[in-house]
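Input: a single structure, listed below in structure tokens.
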Amino acid sequence: MPLIKVQSSVNSIEGNQIKNLLTILSSKLAQHLGKPESYVMTAFEQNINMTFASTFEPVCYVEIKSVGNMSSSQTKAMSQDFCNEINQQLGVDLNRIYIEFADAKGSMWGWNGSTF
């Protein structure tokens, strides 16, 4: 049900580094949302042609989606936590990371042949 998807222009990331990042993000997202990690999905796309502020310096776009409502205090805490983690793991400056938070209705999220 919760999803965190990271898209980045960074292209020199090794497989183990990606797995480590996704494992950390999965655990943190479950904790922030108070949902079982068994429902969390993560995704990472690297080497995407992206600009920010008209430059091609390393950049990330992150999508966080979840069934239910995320509070402003939750999104603020997640923004700080995930930006710091991405900065540490990928070296992307904090001011070059955008995060989009999206609440989803259970009827608009499919899983296991049904919806939530």
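Quick one: in the stretch 92-112, of everything that is part of a loop (DSSP other than H, G, I, E, B) and at pLDDT 95 or above, which residue is surrounded by the most Cβ atoms within 10 Å (Cβ to Cβ)? Out of the qualifying residues, it is Val92. Could you list all residues from the stretch 23-40 that are of a type outside the set (Ser, Thr, Tyr), surrounded by fewer than 18 Cβ atoms within 10 Å (Cβ to Cβ) and more than 17 Å from Ser71 (Cα to Cα)? Matches in the stretch 23-40: Ile24, Pro36, Glu37. For the stretch 1-67, list the strands (runs of 3 or more DSSP E) that sit wholly inside it and hold at least 1 residues that are touching a Phe, Trp or Tyr at 6+ places or on another chain (Cβ under 8 Å); which are they? Strands (runs of 3 or more DSSP E) meeting the threshold: 3-8, 60-67. Residues of the stretch 10-19 that are closer than 29 Å to Ser73 by Cα and surrounded by 13 or more Cβ atoms within 10 Å (Cβ to Cβ): Ile18 alone.
For the stretch 1-22, the set of residues classified as among the charged types (D, E, K, R) and without any contact (Cβ under 8 Å) to a residue 40 or more places away in the chain consists of Glu14, Lys19, listed by residue number.
Can you tell which of Glu63, Glu37 is closer than 13 Å to Leu3 by Cβ, touching a Lys or Arg at 6+ places or on another chain (Cβ under 6 Å) and not hydrophobic (A, V, I, L, M, F, W, C)? Break it down into steps so the answer makes sense when it comes.
Details: Glu37 fails: touching a Lys or Arg at 6+ places or on another chain (Cβ under 6 Å).
On inspection, the qualifying residue turns out to be Glu63.
Scanning the stretch 75-116 for residues that are in contact (Cβ under 8 Å) with a residue 60 or more places away in the chain, of a type in the set (Phe, Trp, Tyr) and closer than 22 Å to Phe56 by Cα turns up just one, Phe82. For the residues Asn49, Asn20, the requirement of being at negative phi, touching a Ser or Thr at 6+ places or on another chain (Cβ under 9 Å) and not aliphatic (A, V, I, L, M) singles out Asn49. Scanning the stretch 74-86 for residues that are part of a loop (DSSP other than H, G, I, E, B) and over 21 Å from Lys19 (Cα atoms) turns up nothing. Condition check for Glu57 on (1) modelled with pLDDT of 95 or more; (2) over 14 Å from Val92 (Cβ atoms): one failure, at (2). Which one of Val67, Val59 is more than 16 Å from Ile99 (Cβ to Cβ), touching a helix residue (DSSP H, G or I) at 6+ places or on another chain (Cβ under 6 Å) and surrounded by 15 or more Cβ atoms within 10 Å (Cβ to Cβ)? Just one listed residue meets the conditions, Val67.
The values are calculated or read from the model by the stated rules, or taken from the named source; none is laboratory data. All values derive from a computational prediction rather than experimental measurement. Please note: Cβ atoms are built from the backbone with ideal geometry, for glycine as well, and neighbour counts cover all protein chains shown.
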